[in-house]
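Since every read-out is calculated from the coordinates, none of them should be taken as a lab result. Since the model is a prediction, treat every value here as computed from it, not as a measurement. Every residue, glycine as well, gets a Cβ built from its backbone with ideal geometry; the counts of neighbours run over all protein chains shown.
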Amino acid sequence: MRTSPDGPPSLADGLPRPLQFLIAAAAGRRRPRDVEMSIADWDALPAVAHRHGLSALLVDALAHCGAPPAIRERAAVAARDRVVAGLKGMAEVVLVADALRAAGIRAVSLKGPALSRWLYGTVGFRRFADLDILVAPSEVKPAYDVLERHGYRLPPGMTAKTAAAIYRGLGAWPLSHDERYPLDLHFRLAHRSFAPLPAATVIADSIESGGSRGALIPSPTHASLILLLHASKHLWCTLEMLLGIARVMERDDVDWGGVREAARRAGGWTGCWSGLALASEIFAVQIPPRLADERPSRAPDALRRTAIAALLLPAGVFADRWQERRAHRTSLDRWSARVRYDLWRLTAPTPLEWKWWPLPDALTALYTPVRLARLAAGAARASMRATGTGAAPPPPGDVATPSTRAVPESRRTSG
């Protein structure tokens, strides 16, 4: 399904040369060795590959490119580290799935090494910082009880009742472990504005991850939708997000009509289409024929500009909360969805409310007014600073919203 290399220049041709090299290595219009690289480009390449989740490509891509030996060695080390991490993560997915299944709880692994195996043929391709496990909403607390016996725990001092209130909008409880990867225990695919499918549907249609006993992953259709929405949520800020979309566009087991209808029901087709168009342009794959005439009437060009800006950000730098909010609202199809999104960002509690004013379990319903009070206090401080009254600056993260602002940096763009 690849498009012809002939024709007008693509978006990829205007990107920095390390990004062009990675795109070519991942299946772009040119071979990697055709990208003219300077010494500075070679030196930056391993870090850029890590930033964009494509370290696994470098060893083969560098083999016949005249890259400096030190760069090839750095790439080999990074690739080995990815394989080790993938195998460790996959083993932990199986252990968690076994423990939950023994308790009668059906669980699906979202993203991470299990999805990497399905999408790329190896657990060592996709970069991840945590594991994402989906259970039915009614089984979150029983699942947590099981995982707690295996060493997983909520943030220190947080009870399950508080977690249910604080993470209700985000759709997952973040769990840590002394010896394993962190684990997000999902009861929704994502936060309210990016979750078009109920957990029960994803679980019912899940399939086994090849070669891993009992490790379930979403069906090809659901996995494709998850990849599209995850990339939209994060403003398409890594090449791997777009490569994953390109890979599913080449598969013949995805019901693209089902993807479109689910995205439209959730009001998120504009964002999904933008991801398809970006992946098509960058990686030279055709948009599935069934979707060829489904271009939304509003905003794809604005989202394309947002994605380019996000791709060019250096490691550790992300779009600010206002850029994120504008992109999220633009990705939504209907004004009613945008109003719901704004209300959710304003009122949904985050862990910052719990840290700012911890409440006993009996009063967790009050975290929404606590959030409004905290935001009002932050606005008052900002106003006092603007008028020169000398108010102290807010603590770090004081302006967080119930989106990626409340997620640690290492867990925001990996999957």
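Observations, loosely collected:
- Long-range amide H partners of residue 184 with built H, under 5 Å: 131, 132, 133, 175
- Estimated vicinal HN-Hα couplings, Hz - the stretch 60-65 in sequence order (Karplus 6.51, -1.76, 1.60; Gly, Pro = x): 5, 5, 7, 4, 10, 10
- Fraction of antiparallel bridges per DSSP, the chain only, in percent to nearest 5: 70
- On Cα atoms only, tilt of 321-331 relative to the major axis of the chain in degrees: 70
- Seen against the Cα atoms of the chain and their longest principal axis, helix 269-283 is set at about 30 degrees.
- Which of 274, 280, 383, 209 has the fewest Cβ neighbours within 10 Å, and the rest in rising order: 383, 280, 209, 274
- Lysine pair number, Cα distance threshold 23 Å (strictly under), the chain, separation 8 or more or different chains: 6
- Helical contribution to [θ] at 222 nm, DSSP H n ≥ 4, -39,500 (n - 2.57), averaged over the chain, rounded to 500: -15500 deg cm²/dmol
- Cα gyration tensor category, rounded, prolate or oblate, for the stretch 149-198 with a/c compared to 1.5: oblate
- Summarising the amide proton neighbourhood of residue 153: residues at separation of 5 or more, or on other chains, whose placed amide H is nearer than 5 Å comprise 176.
- Descending principal axes extents, the chain, alpha-carbon based, whole Å: 63, 60, 47
- Listed values for the stretch 159-166 are Karplus-derived 3J(HN,Hα) couplings in whole Hz (6.51 cos²θ - 1.76 cosθ + 1.60, θ = phi - 60°), namely 8, 4, 5, 5, 4, 4, 7, 6, and x replaces Gly and Pro.
- Alpha carbon centroid spacing (whole Å) that separates the stretch 72-88 from the stretch 361-378: 44
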